[in-house]
Amino acid sequence: MTTGERVDQLVRDADPGGLGVMGDFGGVKQALLVEIMSESSSGRLVGVSRRFRMSRYAGLVAAAAVLVTVVPASMVLRGQSGGDGVSPIVTADARAVYSPTAMAAAERNPRLLIDRAGWTVTGLYGVAEEHGAVRFRRGERELEMNWYSAYVYSDRYSDKRVDGPARSVRVDGWPADVFQGLSGDFTVLVRPRDNVVVEMKTSGKWSRKDLDRVLADVVRVDARTWLAVLPAEMVMPVRERAATVLADVPLPPGFDVAALEEIGVSDSYQFGVGVTSRVGCGWIAEWQRARASGDEAGVRRATEALRGSRGWRVLRDLDKAGDWSEVFWEYADEVAAGTVRAGYVQALGCR
């Protein structure tokens with residue numbers, strides 16, 4: 001049986017739709033993990049982008065492999081219609097089937113969109129987690145929308161006060177404050193709502209007028225609308241995404257494909273990182289078990305699997321966008337050579 005067939009069989013035997021939303025890692029643990037994953041001697045991406053790390057609280061948004069156009073929320077909210085008088089977005093949304101996990105994850109995050117044509121999504125991370133972010137781009141301008149638990153608000157506000165006095169604005173009718181750093185970039189800190197605080201950061205060529213115009217176009221939508229305007233790949237069923245990613249990847253004993261639902265709605269880079277993290281951790285655990293029990297055949301299988309990871313298509317693709325693959329291969333090579341550092345648990349995000 002090929003790996004792809006094994007994936008299909010595992011998914012058929014499982015019930016991804018019955019899984020709950022991914023549990024919270026805890027703010028401190030998540031922050032430490034992100035810091036470890038983000039650091040590399042070359043300065044490239046590992047699991048998340050350096051530029052999207054916010055203080056000590058969390059890591060956010062990896063470089064996405066593709067740019068995807070955002071459909072203006074106004075087509076949904078204001079009833080703009082197609083030639084037949086029916087909004088094509090509403091029709092498509094009504095027909096779409098999202099997993100319970102995706103719906104629950106969308107309900108947990110702020111679901112803010114820029115209701116203006118021309119903006120594109122270039123990254124999405126942490127939708128099913130307590131900390132996450134989405135990045136929008138239009139021309140030379142970018143806007144990150146980062147969300148955290150409300151308890152970080154006072155610290156974030158104090159940190160931004162260093163940049164200067166705040167200017168009061170409103171985002172989707174909700175109070176917020178704008179700060180401008182020495183670099184000229186703006187930070188918008190939205191007051192907590194539903195136990196979530198949103199922090200937006202600009203990069204590129206922005207003026208205050210530009211920012212005010214965009215903030216006026218930011219709207220909050222319901223879960224189905226938010227999912228409907230995301231790129232199709234990000235909301236693709238786990239079975240399809242996993243089958244593609246794992247097509248040439250040997251799976252460790254007991255690997256649970258259904259558990260990949262925990263990764264949640266995410267861009268292709270983050271999904272690939274999440275999947276290969278679980279595969280790598282599984283093989284290292286199997287290698288340790290086999291060595292401890294004197295199972296030479298098991299040691300050999302695990303060694304060969306990890307040594308062959310340099311040929312996995314998913315890691316070769318991820319290597320073009322960031323440093324995750326290099327970190328993975330570093331530990332895989334150590335295991336293949338007969339040893340492994342304890343730090344692999346944090347570096348690879350093992351649980």
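Structure notes:
- Pair list, Cβ under 7 Å, 6 or more apart: the stretch 164-184 residue part of a loop (DSSP other than H, G, I, E, B), other residue of a type outside the set (Ser, Thr, Tyr) and open to solvent by 40 Å² or more (accessible area, probe 1.4 Å): Gly164/Gln180; Asp172/Arg220; Gly181/Asp163
- Glu304 being more than 17 Å from Gln270 (Cα to Cα) and touching a Gly at 6+ places or on another chain (Cβ under 7 Å): no
- Top-ranked residue of the stretch 202-231 - restricted to ones that are in a helix (DSSP H, G or I) and of a type in the set (Gly, Ala, Ser), ranked as most open to solvent (accessible area, probe 1.4 Å): Ala216
- Sole residue being on the phi > 0 side of the Ramachandran plot and free of Cβ contacts under 8 Å to residues at least 12 places away in the same chain, chosen from Gly294, Gly254, Gly204, Gly264: Gly294
- For the stretch 174-201, filtered to residues that are open to solvent by less than 60 Å² (accessible area, probe 1.4 Å) and of a type in the set (Lys, Arg), the residue that is nearest to Asp115 (Cα to Cα) is Lys201.
- With respect to (1) more than 30 Å from Val273 (Cα to Cα); (2) not in a loop (DSSP other than H, G, I, E, B), the lone exception for Leu189 is condition (1).
- All positions within the stretch 131-163 that are open to solvent by less than 20 Å² (accessible area, probe 1.4 Å) and in a loop (DSSP other than H, G, I, E, B): His131
- Note on the stretch 232-340: enclosed helices (runs of 4 or more DSSP H) holding 2 or more residues that are hydrophobic (A, V, I, L, M, F, W, C), in contact with a Leu (Cβ under 7 Å, 6 or more places away or on another chain) and crowded, with 19+ Cβ neighbours inside 10 Å are 238-245, 268-293, 324-336.
- Contact map, the stretch 130-159: first residue hydroxyl-bearing (Ser, Thr, Tyr), second residue part of a loop (DSSP other than H, G, I, E, B) and open to solvent by 20 Å² or more (accessible area, probe 1.4 Å), Cβ cut-off under 9 Å, separation 6 or more or different chains; pairs are Tyr148/Tyr57; Tyr148/Glu130; Ser149/Asp24; Ser149/Tyr57; Ser149/Glu130; Ser149/Asn195; Tyr151/Asn195; Tyr157/Ala166.
- Among the candidates Ala128, Ala104, the residue that is open to solvent by 10 Å² or more (accessible area, probe 1.4 Å) and at pLDDT below 90 is uniquely Ala104.
- Criterion (among the hydrophobic types (A, V, I, L, M, F, W, C), closer than 22 Å to Gly139 by Cα and in contact (Cβ under 8 Å) with a residue 40 or more places away in the chain) met by exactly one of Leu246, Leu215, Leu227: Leu215
- Restricting the first member to the stretch 328-351 and to residues that are within 20 Å of Arg291 (Cα to Cα), and the second to residues that are in a loop (DSSP other than H, G, I, E, B), the beta-carbon pairs closer than 6 Å and six or more apart or on different chains are Glu334/Val340.
The values are calculated or read from the model by the stated rules, or taken from the named source; none is laboratory data. Since the model is a prediction, treat every value here as computed from it, not as a measurement. Virtual Cβ from ideal backbone geometry, glycine too; neighbours counted across all protein chains shown. Note: areas computed on protein heavy atoms with side chains; ligands, DNA, RNA excluded. Shrake-Rupley method; radii C 1.70, N 1.55, O 1.52, S 1.80 Å.
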